[in-house]
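Below is one structure, written out as structure tokens; the observations come after it.
The values are calculated or read from the model by the stated rules, or taken from the named source; none is laboratory data. Every value quoted in this text rests on a predicted model; they were computed, and no experiment measured them. A quick note on method: Cβ atoms are made from the backbone with ideal geometry, for glycine too, and the neighbour counts reach across all protein chains shown. The area values use the complete protein model at the heavy-atom level, side chains included, leaving out ligands, DNA and RNA. Shrake-Rupley method; radii C 1.70, N 1.55, O 1.52, S 1.80 Å.
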Amino acid sequence: MNKDVQMRAVINQKLIETGERECLKELLRAKLIECGWKDQLKAHCKEVIKEKGLEHVTVDDLVAEITPKGRALVSDSVKKELLQRIRTFLAQPASL
């Protein structure tokens, strides 16, 4: 498991150094907006605040409440596209 953590750190560092991480983040943002994820999550936030009352909800509570739903709402096609971009990056000879 320690080797897995080290490999993730190396990959993350290379993504940062090459600027690919920022490109992937921008792609993800655009895809999430395009598929309606942002609007769905915004509506869910409003529901949670309405249920609990604005004065009884902290930012931490809201994040804890919406994070699982936010992850579940990411479509498989978006996940697959992002994973494919990472694999393509890693397949380049100079990436690692």
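Listed values for segment 40-51 are Karplus-derived 3J(HN,Hα) couplings in whole Hz (6.51 cos²θ - 1.76 cosθ + 1.60, θ = phi - 60°), namely 5, 5, 4, 5, 5, 4, 4, 4, 4, 5, 5, 5, and x replaces Gly and Pro.
Fully extending the segment from residue 33 to residue 77, taken as 0.36 nm per residue of separation minus the present Cα-Cα distance, adds 14.5 nm.
Which net charge results when you count Lys and Arg as +1 and Asp and Glu as -1 among the other residues whose beta-carbon is under 13 Å from that of residue 87?
+1
Given the choices [x] 33, 17, 11; [y] 27, 15, 10; [z] 25, 16, 11, semi-axes √(5λ) of the Cα gyration tensor in Å derived from the coordinates of this structure is entry [x].
To the nearest 500 deg cm²/dmol, what mean residue ellipticity at 222 nm is calculated for the chain from DSSP H runs of n ≥ 4 alone, each contributing -39,500 (n - 2.57), summed and divided by the residues? It comes out at -27000 deg cm²/dmol, rounded to the nearest 500.
Accessible surface computed residue by residue for the chain, with neighbouring protein chains in place and a 1.4 Å probe, gives 78 Å² per residue.
By the rule of a C-alpha distance below 16 Å, with chain neighbours fewer than 8 residues away ignored, the lysines paired with residue 14 are 25.
Here the accessible area of segment 12-85 is 55 percent carbon and sulfur, with a 1.4 angstrom probe and all protein chains present. Rounded to the nearest whole Hz, the Karplus-based 3J(HN,Hα) values (6.51 cos²θ - 1.76 cosθ + 1.60, θ = phi - 60°) of segment 76-85 follow the sequence 4, 5, 5, 4, 5, 5, 5, 4, 5, 4, with x at glycine and proline. Computed on the chain, with alpha-carbon pairs under 8 angstrom and 6+ residues apart, the relative contact order is 35 percent.
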